[in-house]
Amino acid sequence: MTTTIEAPRTPARPAPKRGPNLEKWGWIYMRVSGVVLIVLVFGHLFVNLLVGEGVHAIDFGFVGGKWADPFWQWWDILMLWLALIHGGNGMRTVVNDYTKPGTVQRILKGAILLAVVALIVLGTLVVFTFDPCPVGSPADLLPSFCAA
């Protein structure tokens, strides 16, 4: 006696795509960057708000003195980059969840990418080109560490 199995109603699944799984890496990035950002943000808040005179000390001179040290420049750059990429990736996920694939989705994702790249470039330029002692400024407005 021979038994036959009917043909399946749905076709076999296509072979998985080759190459990196970008959604998986985006998911991992969100978790890792979130943990690192917690350390960076709370370190930033601790130094700026609790050490020394606290919030009353934050002014142009405070920022200039802080950014005179490469450690704080890189701290703030890392925080800026991680936060913007983290937020952009989150917004990309929201767009994927609430729009259908097509032109609108591509436009929204392109706008997110453009905004993230522009803010990263501008923020990086500000941190690394910031001059706490601008030439021609009145001496009474300059931080104490500037040569008048």
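Quick notes on this structure:
- Selection within region 12-45 - of a type outside the set (G, A, S) and under 30 Å from H56 (Cα atoms): V35, V36, L37, I38, V39, L40, V41, F42, H44, L45
Matching residues to (1) more than 30 Å from L142 (Cβ to Cβ); (2) in contact with a helix residue (DSSP H, G or I) (Cβ under 6 Å, 6 or more places away or on another chain); (3) open to solvent by 40 Å² or more (accessible area, probe 1.4 Å):
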{"position": "F42", "(1), (2), (3)": "yes, no, yes"}
{"position": "E53", "(1), (2), (3)": "no, no, yes"}
{"position": "H56", "(1), (2), (3)": "no, no, yes"}
{"position": "K66", "(1), (2), (3)": "no, yes, no"}
{"position": "V95", "(1), (2), (3)": "yes, yes, no"}
{"position": "G110", "(1), (2), (3)": "yes, no, no"}
{"position": "G123", "(1), (2), (3)": "no, yes, no"}
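- Within region 27-86, the set of residues being modelled with pLDDT under 90 and in contact with a Ser or Thr (Cβ under 8 Å, 6 or more places away or on another chain) comprises just one member, G61.
- Among (1) open to solvent by 60 Å² or more (accessible area, probe 1.4 Å); (2) over 30 Å from K24 (Cα atoms) - the single one G61 does not satisfy: (1)
- Condition met for I77 (within 30 Å of A139 (Cβ to Cβ), of a type in the set (A, V, I, L, M) and open to solvent by less than 100 Å² (accessible area, probe 1.4 Å)): no
- Test: residue in region 2-15 that is surrounded by 10 or more Cβ atoms within 10 Å (Cβ to Cβ), assigned to a loop (DSSP other than H, G, I, E, B) and either free of Cβ contacts under 8 Å to residues at least 60 places away in the same chain or in contact with a strand residue (DSSP E or B) (Cβ under 8 Å, 6 or more places away or on another chain) (or both): no
- Among the helices (runs of 4 or more DSSP H) confined to region 34-145, the ones with at least 3 residues that are closer than 30 Å to E23 by Cβ and free of Cβ contacts under 8 Å to residues at least 40 places away in the same chain are located at 70-98, 103-129.
The values are calculated or read from the model by the stated rules, or taken from the named source; none is laboratory data. Values in this document were obtained by computation on a predicted structure and should not be read as measured data. Neighbour counts are summed over all protein chains in view; Cβ atoms, including those assigned to glycine, are modelled from backbone coordinates with ideal geometry. The accessibility values were calculated without ligands, DNA or RNA, using every heavy atom of the protein model including side chains. Shrake-Rupley method; radii C 1.70, N 1.55, O 1.52, S 1.80 Å.
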